[in-house]
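Peer 1: Could you have a look at this structure, given as structure tokens, before my questions?
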Amino acid sequence: MKNRLLSYGIISLVLGLTSCHTNDSVKFQFDSKKIVSGKKIAIKDIAPQLPTDWDEYDYVTIEFRSTTPQRFQLGFTTDSGYNELRLISYVPNAWNKLTIPLRFFRELPVAKHDIAATSNQPRITGWINLGGKRGPLTGVDSIGIRMRAPIDNPTIELRSIALSKDDPGDRYLENKPAFDKFGQWNLGDYEGKIYSEEQLQKEWLQEETEINETENFNYSRYGGYLNKRVKSTGFFRTEQIDDRWWLIDPDGYLFLSYGVDCVAPIGDYYTKNTDKCTNMFQELPPRELFVESENVSPETHTASFGIWNLYRRYGKNYLDRAAEMTIKRMDKWGLNTLANWSDKTIYDKNRKAFILPLENIGFENELMGLMDVYDNGIEKKIDEAIARNVAKYKNNHWLIGYFIGNEPAWISKENRLCSLILNGKDRPIKTELQNFLKESGDTPDSRKTFIYNTFEKLMKAISKSLKKNDPNHLNLGIRYGYIEQLDDELLRISKESFDALSFNCYALSPDHEKMNHALEISGLPMIIGEYHFGTVDRGLAQSLWQVNSQKERGDAFRYYTENAFAHRGLIGTGWFRWIDQNINGRTDGENYNCGFIDVTDRPYPYMVDAAIEAAKSLYEIHSGTKTPFHQAPNAVGHSPIPDLWE
């Protein structure tokens with residue numbers, strides 16, 4: 001133990017962390033001058049009664065207080081090394097009890113179909129993102145906490161660590177409510193906070209008086225650019241013009257998809273755990289109001305601050321009026337696309353170009369986002385599912401195209417997927433894999449080859465069905481999790497099946513060299529399906545790529561968006577997302593400050609200004625006649641800590 005603590009102590013000096021004890025707690029003070037700041041302490045200094053062998057226990061519970069909702073890494077030093085997870089607290093400036101299942105440290109995540117479903121684990125007072133090393137919890141002698149790019153020198157106090165066989169649950173340990181009656185963070189002040197309904201009504205009224213004063217973005221009726229017109233087909237298509245890729249709108253005008261994901265009158269239709277931690281809430285929305293919403297199930301959901309605030313604003317007809325306001329906002333801000341996962345209340349109005357995801361077509365959790373394409377009946381099942389998806393929209397002129405899937409979890413984890421198949425139930429894909437490995441040899445390369453062959457077979461089946469059932473719209477492909485995942489073989493497979501190469505890209509700006517390579521190998525125009533920036537001032541977590549302030553969110557949006565469209569192969573972007581996530585988490589726990597709109601149905605001014613300015617310039621930037629916005633936010637070291645679980 002001494003040697004392990006000594007070696008980490010040296011790291012602590014390098015990372016610039018100091019520590020002190022206050023009463024029965026230990027304080028972790030993080031240094032904002034450092035890219036990573038953290039330390040370890042001996043378990044015996046905070047919980048001397050704990051054993052070092054945790055094999056008989058299934059849960060560890062910590063009581064802690066953080067001055068920030070910023071994510072932090074928490075880990076334990078064991079006989080087999082250092083083992084950590086990423087945690088996010090829902091309630092900064094308060095004492096909380098958070099219980100962590102020890103299987104998250106011992107085992108790989110349960111197989112799911114996409115990255116978020118695999119990694120995110122919700123709790124009541126916070127949420128957990130799985131990452132880091134896995135192994136037995138023996139010889140546990142120290143606990144470590146570290147933070148990447150800490151904002152405003154935050155602190156975390158830790159006052160107890162406990163082990164248990166059964167889940168003791170989580171608890172909010174303060175008397176003052178954590179969230180106010182508007183769904184805002186109640187334990188701190190910030191610029192733009194609402195303190196009364198009168199203030200809220202006044203700001204809503206001001207928006208109503210200004211919303212119709214729109215800029216001239218020189219858009220066609222579909223959102224294309226009146227600057228140039230080519231052949232029209234009545235539907236969206238792609239074309240390469242003067243070595244630059246464009247979408248072409250149904251009337252033949254050049255078009256760039258400048259969009260936002262999850263555009264909806266209401267953000268999350270519920271606030272979770274209202275029955276398990278009632279002292280967290282100053283006042284809950286009236287249940288009868290929530291039950292009236294036709295978009296949610298009263299049996300499973302109990303409250304929505306988003307709905308309550310819209311009811312305050314518009315009355316009983318809030319859904320239709322909020323949908324109309326959403327369209328007006330997009331018009332005013334120059335946003336021309338309802339990107340992935342948007343609400344049919346909006347896109348069925350046929351006033352904005354939109355993109356649809358194919359839903360429930362058969363991707364399996366057990367296969368980490370693949371299907372058993374060796375099953376004789378699979379092509380029929382795929383065809384029936386796609387036919388159901390496209391039936392209503394195959395002749396719709398406002399639809400750009402379809403995303404096939406999102407962030408498949410198997411990519412770069414082909415070896416594990418093969419093990420899951422071999423150890424799983426008897427089925428055609430298992431037999432096919434066994435025969436393949438018997439012939440080719442059971443090596444990591446052989447396993448990867450088999451999974452890639454399976455993926456190619458699946459994509460060809462989906463592409464064939466989509467083209468048959470809806471020949472009018474684009475196949476926008478799988479939204480890959482990262483452009484870094486795209487080796488040449490995946491790019492080749494994409495080229496054979498898709499009309500565009502789509503990937504999510506959380507970065508300060510997309511890497512043009514990687515995009516150049518992807519364009520060269522695939523020959524496909526590209527769409528960035530997700531990106532965003534967030535910060536910690538409102539009690540929400542900072543999103544996948546953090547910045548230091550709301551102003552920097554606007555700067556980062558404009559910097560990223562304009563530099564992305566400067567690439568000759570990019571035809572679309574989708575900011576994730578329209579409205580902030582719930583402050584105490586969506587279904588999988590995420591509670592990011594990533595919206596254009598906050599929970600009180602008010603836009604973020606810096607984001608709005610940035611969107612308008614970018615919209616004015618994107619045609620010229622993509623044409624190569626104007627330089628993109630060059631003022632990058634001061635966000636050095638603010639990237640997410642990588643997922644290291646395999």
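Values in this text are rule-based calculations from the coordinates and carry no lab data. These numbers come from a predicted model, not from an experiment. Glycine also receives a Cβ, built like all others from the backbone with ideal geometry; neighbour counts cover every protein chain displayed.
Peer 1: Calculate the length of the line joining the C-alpha centroid of region 410-484 to that of region 118-186, in whole Å.
Peer 2: 36 Å
Peer 1: Same structure again: Note down the nm distance, to one decimal, between modelled labels 7 Å out along Cα→Cβ at GLU484 and at ASP45.
Peer 2: The modelled label-to-label distance comes out at 3.2 nm.
Peer 1: Based on the alpha-carbon gyration tensor of region 2-172 and its eigenvalue square roots a ≥ b ≥ c, which shape applies: rounded if a/c is under 1.5, prolate if not and a/b is larger than b/c, or oblate?
Peer 2: Here region 2-172 falls in the rounded category.
Peer 1: Hey, could you get me the Stokes-Einstein D for region 114-239, Kirkwood radius over alpha-carbon pairs, 25 °C and 0.890 mPa s, rounded to whole µm² s⁻¹?
Peer 2: Estimated via Stokes-Einstein, D reaches 110 µm²/s.
Peer 1: State to the nearest 20 debye the size of the charge dipole of region 2-172 about its Cα centre, where the only charges are +1 on K and R beta carbons and -1 on D and E beta carbons.
Peer 2: Result for region 2-172 is approximately 540 debye, rounded to the nearest 20.
Peer 1: Still on this structure, I have one more. Restricting to lysine pairs 8 or more places apart or on different chains, what number in region 98-226 have Cα atoms under 23 Å apart?
Peer 2: 6
Peer 1: Okay, moving on. Relative contact order for the chain using alpha-carbon pairs under 8 Å, separation at least 6, rounded to a whole percent?
Peer 2: 16 percent
Peer 1: Another question about this same structure. When only Cα pairs under 8 Å and 6 or more residues apart are kept, what is the percent relative contact order across region 2-172?
Peer 2: 36 percent
Peer 1: Among THR625, THR238, what is the fewest-to-most ranking by other Cβ atoms within 10 Å?
Peer 2: THR625, THR238
Peer 1: Take the alpha carbon gyration tensor of region 489-646, find the square roots of its eigenvalues, order them as a ≥ b ≥ c, and report rounded if a/c is under 1.5; if not, report prolate when a/b exceeds b/c, else oblate.
Peer 2: oblate
Peer 1: For a test of the definition: using alpha carbon positions, the gyration tensor, and the 1.5 limit on a/c, classify the chain as rounded, prolate or oblate.
Peer 2: Judged from the Cα gyration tensor, the chain comes out oblate (a/c at least 1.5, b/c at or above a/b).
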